[in-house]
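> Let me begin by handing over the structure; questions about it come next.
The values are calculated or read from the model by the stated rules, or taken from the named source; none is laboratory data. In this text, all values refer to a predicted model and were calculated from it rather than measured experimentally. Cβ sites come from the backbone with ideal geometry, for glycine too, and all protein chains shown count toward neighbours. Quick note on the areas: whole protein, heavy atoms, side chains included, nothing else; ligands and nucleic acids left out. Shrake-Rupley method; radii C 1.70, N 1.55, O 1.52, S 1.80 Å.
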Amino acid sequence: AGRIAIRNLSKYYGNYKALDNVSLTIEPGTVTVILGPSGSGKSTLLRTINHLERVDEGFIQIDGDYVGYRRKGNTLYELKERAILKQRTQVGYVFQNFNLFPHMTVLDNIIEAPIVHRLYSRKQAIAQAYALLDTVGLRDKAQAWPRHLSGGQQQRIAIARALALNPKVMLFDEPTSALDPELVGEVLEVIKKLARSGVTMVVVTHEIGFARQVADRVVFMVEGRIVESGSAAQVLERP
Ligand code: ADP
Ligand code: ADP
């Protein structure tokens, strides 16, 4: 599970077209890396997949559930609030700047969402949180405060927190670009480990080496459009 179909998405900021008729199908369990210059719409695309941004045209389908948008003039698909909420809980999102809740311990950061969404009892959520902390190699930090952790550790906790709702899809928006160079590797290792676990992943990054090693597909964006899409070898090794 975790098939994403994006069709004819367009997004304007005022008169500026940040996404221009983007269509993309992402197969379950695959890793898609999105590359492109700054300002090309990579982050906007990820944010629309998670409905952090509304788009002006087109639709997003995750495993058959549509969230669609109105085309100017004639209505193509209706906005469905319930479908938006459902898609949101199926999609984990990792931000460039971690965005951990600063007033909560690491453990509380991880158990908050599954408890609020009534996915687990508190006891179950805590047990799952420790399993996730093992996955990211930070079990000993359960009671720590986020600001006492390195950026790399905070990002690994943010990944654990995003996984706590058992998402079908994980989206990463430049997960290592706020990190000191020596901390990039530990975060990429965690993302690689997840890639092998079969979660569908979309990763916006400038880490070309990561794209070569991990991506099933590389998508290259320019000015709000997908201009190339293929294997890492096809997209990156062009003469
Ligand atoms: P990328 O992630 O590829 O760097 P973004 O998706 O962040 O690109 O941005 C695409 C374009 O949209 C840029 O020109 C950016 O300045 C513009 N943009 C992004 N967010 C907003 C916003 N909230 N309001 C207005 N313009 C925006
Ligand atoms: P300082 O850096 O001023 O010496 P600490 O950052 O070590 O203080 O925090 C002092 C105490 O407050 C510690 O017991 C710590 O666990 C707790 N603490 C730290 N940050 C928070 C927070 N955001 N909310 C609640 N308690 C916190």
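> At a 1.4 Å probe, what is the % contribution of carbon and sulfur to the accessible area of region 76-141?
53
> Ala144's amide H: which non-local residues (gap 5+, or another chain) put their own amide H closer than 5 Å, with H modeled 1.01 Å from N in plane and none for Pro or chain starts?
Sorted by chain and number, the residues that satisfy this are Val106, Leu107.
> Measure up Lys168/Lys192; Lys168/Lys193; Lys42/Lys168; Lys11/Lys42; Lys86/Lys168; Lys141/Lys168 against 22 Å on the Cα-Cα distance and list the ones that go over.
Correct reply: Lys141/Lys168.
> What's the center-to-center distance, using Cα atoms, between region 1-26 and region 140-180 in Å?
Cα centroid to Cα centroid, the span is 26 Å.
> Taking GluC sites (Glu not before Pro) as candidate sites, keep only those in a DSSP loop with at most 14 other Cβ atoms within 10 Å, then name the longest stretch of the chain containing none of them.
Between the exposed loop sites, the longest stretch runs 79-222.
> If I model region 132-193 as equal point scatterers sitting on the Cα atoms and use the Debye formula, what is log10 I(q)/I(0) at q = 0.13 Å⁻¹?
Each listed q maps to, in turn, -0.31.
> Add +1 for every Lys or Arg and -1 for every Asp or Glu among the other residues with Cβ under 11 Å from the Cβ of Ile115, and state the total.
+1
> Something else about it: Give me the accessible area per residue for region 13-158, probe 1.4 Å, as a whole number in Å².
50
> Of all the accessible heavy-atom surface of region 162-211, with the other protein chains kept in place and a 1.4 Å probe, what percent is carbon and sulfur?
Within region 162-211, the accessible surface is 51 percent carbon and sulfur.
> Please report Rg over Rh for region 78-226, where both radii come from the alpha carbon positions and Rh follows the Kirkwood definition.
Answer for region 78-226: 0.97.
> If the chain between Asp56 and Thr89 were fully stretched, how many nm would it gain, using 0.36 nm times the residue separation less the Cα-Cα distance?
That works out to 9.7 nm of additional length.
> What residues qualify as long-range amide H neighbours of Arg3, i.e. H under 5 Å apart, gap of 5 or more or another chain, H built at 1.01 Å from N?
Asp63
> From the helices alone, meaning DSSP H stretches of at least four residues, give me the mean residue ellipticity at 222 nm for the chain, per-run term -39500 (n - 2.57), in deg cm²/dmol to the nearest 500.
-10500 deg cm²/dmol
> Enumerate the residues in region 106-137 having an amide nitrogen under 20 Å from the point lying 7 Å beyond the Cα of Arg147 toward its Cβ.
Inside the label zone: 106-110.
> Shifting gears a bit: Normalised by the number of residues in the chain, what is the relative contact order in percent for Cα pairs under 8 Å and 6+ residues apart?
Relative CO of the chain lands at 27 percent.
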